[in-house]
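First up is the structure itself, then whatever we jot down about it.
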Amino acid sequence: MDAPLPYPETWIEPPAGPVLVVAPHADDETVGCGATLALHARRGDAVHLLVATDGQLGDSRGLFPAAGYVERRREECRRAAAVLGARAPRFLGHDDQHTDAERLRAQLVAVLAEIEPAVVYHPAAPEMHPDHHVAGRVTLDVLASRPGRVRSFAYESWVPVVPTHVIDVTSSWAVKQAALACYGSQLVYNDYARACDGLAAYRAIYLPDAERVEAFAETTHGARR
């Protein structure tokens, strides 16, 4: 019989920054770990957002003018970042649903060298969305090839993770919800506020005294998991 999975470690607060968040699309940073990012920012950690794609295909029913749609999504992300307390996001400009792995690798190497983060949050590698999968896999490959040890964690997005760490984000949940509200172009398609609230409420099964919990899977190179 297989051994049971280890119980996730409880963070009293997230690991100390500076922080880099790799987001395949504008909104993934808030959906995946927005409340935790708000805790980082509240403590004074520098939070840097890296958005891989231009999000051009995010309006499948043509509800918004095509001209200026990419800039609309970028402006939503800037507003969300400000709500979370993060630095102004960087947009890498990959075609939506066609993230170029080698180009992303070079960009990520350059950003890591510039920022020297202590913590990196990224989408899980075993994701079904191609942009999420590429972003997760490239992030892991780049971090494994760097000298030193940067702690890295997969956040929950399209695919839930098997958590190694959980954190009570009740105190910053309203900040996450306010940041999500900035993404009007996406909320007409998906009720992210309800979806995130449901997942975070369910994740509180690990911390019964908490109302909302975000969960992560540690992917630090060489870490036991």
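The values are calculated or read from the model by the stated rules, or taken from the named source; none is laboratory data. The shown structure was predicted, so the numbers you read here are calculated from the model rather than taken from an experiment. Positions of Cβ are backbone-derived with ideal geometry, glycine not excepted, and every protein chain shown enters the neighbour counts.
Brief remarks on what is shown
- Checked against (1) closer than 23 Å to Val138 by Cα; (2) in contact (Cβ under 8 Å) with a residue 40 or more places away in the chain, Ala35 meets all criteria but (1).
- Scanning region 182-206 for residues that are closer than 22 Å to Gln56 by Cβ and not aromatic (Phe, Trp, Tyr) yields Cys182, Gly184, Ser185, Gln186, Leu187, Val188, Asn190.
- Counted residues, region 190-212 - those being touching a helix residue (DSSP H, G or I) at 6+ places or on another chain (Cβ under 8 Å), in a loop (DSSP other than H, G, I, E, B), surrounded by fewer than 18 Cβ atoms within 10 Å (Cβ to Cβ) and not acidic (Asp, Glu): 0
- Pair list, Cβ under 9 Å, 6 or more apart: region 109-136 residue touching a residue at least 24 places away in the same chain (Cβ under 8 Å) and on the phi < 0 side of the Ramachandran plot, other residue surrounded by fewer than 18 Cβ atoms within 10 Å (Cβ to Cβ) and polar (S, T, N, Q): Val109/Ser145; His129/Gln97; Pro130/Gln97; Asp131/Gln97
- Checked across region 213-223, the condition of being in a helix (DSSP H, G or I), closer than 16 Å to Val21 by Cβ and under 15 Å from the mean Cα position of the chain (by Cα) holds for no residue.
- Members of region 117-143 that are part of a loop (DSSP other than H, G, I, E, B) and modelled with pLDDT of 95 or more: Pro117, Ala118
- Filtered residues of region 164-179 (kept if touching a helix residue (DSSP H, G or I) at 6+ places or on another chain (Cβ under 9 Å), assigned to a loop (DSSP other than H, G, I, E, B) and surrounded by fewer than 22 Cβ atoms within 10 Å (Cβ to Cβ)): none
- Single residue of Asp2, Asp45, Asp28 found to be over 11 Å from the mean Cα position of the chain (by Cα), modelled with pLDDT of 95 or more and acidic (Asp, Glu): Asp45
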